[in-house]
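Student: After the structure tokens below, expect a handful of questions from me.
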Amino acid sequence: MNLKDRERLFLVILQPSDLPKVLDLLDFVYWRLEHKDWFFKDDEDFLSRHFEARGRIFGIFNEDRLTAYAVLSFPGSDHDNIAQHYDISQEEYHEVAMLDSCIVHPDYRGRSFQYHLSLQRELCAKESGYTHLLSTAHPDNAASVNNLSKIGMKIYRTGIKKDNKIRHFMYKSLK
Ligand SMILES: CC(C)(COP(=O)(O)OP(=O)(O)OC[C@H]1O[C@@H](n2cnc3c(N)ncnc32)[C@H](O)[C@@H]1OP(=O)(O)O)[C@@H](O)C(=O)NCCC(=O)NCCS
């Protein structure tokens with residue numbers, strides 16, 4: 001990450017006490033999105049389950065300002081496990097880690113924050129023993145597709161997700 005004058009950037013795993021900052025950033029960015037169909041807006045309940053129970057949320061702070069966050073989820077047998085779009089057997093669903101939503105505040109875009117957050121999420125998934133890394137991106141969301149490709153994810157197939165939205169289904173083996 002390139003540092004600008006007087007910046008103090010640090011990338012951390014967020015704590016439950018950071019939830020209000022996550023929700024503020026999500027609201028701020030979501031209502032300004034030009035292409036809302038490129039992004040699925042998580043709700044508070046979903047996000048609050050990702051501080052430990054079902055995954056992690058990584059964030060980048062500049063001092064105490066949250067500038068970006070990204071969700072890593074371990075969906076197991078939950079209905080939102082996208083493993084059904086891949087040739088992954090049900091016995092292996094508990095080995096799936098998903099790179100879920102990622103948001104960068106517009107003031108901080110163009111500095112590869114999504115890439116760095118994705119690298120850290122991949123590392124965490126691998127160290128936690130997950131063997132399949134899955135993610136989705138809207139085909140026109142070039143920034144997302146590029147950043148996922150830069151960590152070695154490949155387009156596995158392109159199709160319609162459960163929510164009726166078109167997505168590239170991206171894959172990387174962590175074995
Ligand atoms: C997708 C997103 C997370 C990427 O953010 P990022 O980490 O800053 O992305 P990058 O640093 O890779 O930059 C992406 C592109 O935006 C360009 N860019 C530069 N400054 C920019 C700015 N101020 N605003 C927007 N884009 C900018 C970069 O040059 C780069 O273009 P390139 O790929 O042609 O070089 C961010 O755009 C975002 O929050 N979008 C809204 C939510 C979303 O779509 N999330 C992904 C799906 S979950």
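The values are calculated or read from the model by the stated rules, or taken from the named source; none is laboratory data. Nothing here was measured: the structure is a model prediction, and the numbers come from that model. Don't worry about glycine lacking a Cβ; one is built from the backbone with ideal geometry, like all the others, and counts go over all protein chains shown.
Student: How many residues, within segment 50-65, are outside any strand (DSSP E or B) and within 21 Å of A97 (Cβ to Cβ)? Working first, answer last.
Tutor: Initial filter on segment 50-65 (outside any strand (DSSP E or B)): 50-54, 63-64.
Remaining after also requiring within 21 Å of A97 (Cβ to Cβ): 50-54.
Matching residues across segment 50-65 total 5.
Student: Would you pick out the residues in segment 15-43 that are of a type in the set (A, V, I, L, M) and away from the ligand (no atom under 16 Å from the Cβ)?
Tutor: Start the filter on segment 15-43 by keeping residues that are of a type in the set (A, V, I, L, M), which leaves 19, 22-23, 25-26, 29, 33.
Answer for segment 15-43, where residues must be of a type in the set (A, V, I, L, M) and away from the ligand (no atom under 16 Å from the Cβ): just L19.
Student: Counting only residues that are of a type in the set (G, A, S) and away from the ligand (no atom under 16 Å from the Cβ), how many does segment 75-129 have?
Tutor: Residues of segment 75-129 that are of a type in the set (G, A, S), as a first pass: 76-77, 83, 89, 97, 101, 110, 112, 118, 125, 128-129.
From the residues that got through so far, the ones that are away from the ligand (no atom under 16 Å from the Cβ) too are 76-77, 83, 89, 125, 128-129.
Selection size over segment 75-129: 7.
Student: Using the structure shown, decide if F51 is out of contact with any Cys (no Cβ under 6 Å at 6 or more places or on another chain), surrounded by 12 or more Cβ atoms within 10 Å (Cβ to Cβ) and farther than 17 Å from Q114 by Cβ.
Tutor: Values: out of contact with any Cys (no Cβ under 6 Å at 6 or more places or on another chain): yes; surrounded by 12 or more Cβ atoms within 10 Å (Cβ to Cβ): yes; farther than 17 Å from Q114 by Cβ: yes.
Against the criterion (out of contact with any Cys (no Cβ under 6 Å at 6 or more places or on another chain), surrounded by 12 or more Cβ atoms within 10 Å (Cβ to Cβ) and farther than 17 Å from Q114 by Cβ), F51 qualifies.
Student: Still on this structure, I have one more. If I ask for residues that are under 23 Å from V145 (Cβ atoms), outside any helix (DSSP H, G or I) and within 14 Å of the chain's Cα centre (by Cα), which ones from segment 12-49 would you list? I'd like the intermediate steps shown before the answer.
Tutor: Here is the first cut: in segment 12-49, the residues under 23 Å from V145 (Cβ atoms) are 25-26, 29-30, 32-42.
This time we only want the ones that are outside any helix (DSSP H, G or I), so: 32-35, 39-42.
Correct list: F39, F40, K41, D42.
Student: Still on this structure, please answer the following. Give all pairs with beta carbons closer than 8 Å in which a residue from segment 15-33 that is on the phi < 0 side of the Ramachandran plot meets a residue that is surrounded by fewer than 13 Cβ atoms within 10 Å (Cβ to Cβ) and at pLDDT 95 or above; count only pairs at least 6 apart in sequence or on separate chains.
Tutor: If the second residue must be surrounded by fewer than 13 Cβ atoms within 10 Å (Cβ to Cβ) and at pLDDT 95 or above, the pairs left are L19/E44; L23/E44; V29/P106; R32/P106.
Student: Among the listed residues F58, F46, which satisfies the condition of being without any contact (Cβ under 8 Å) to a residue 60 or more places away in the chain and buried (at least 16 other Cβ atoms within 10 Å of the Cβ)? Please lay out each step first, then the result.
Tutor: Values: F58 fails: without any contact (Cβ under 8 Å) to a residue 60 or more places away in the chain.
On inspection, the qualifying residue turns out to be F46.
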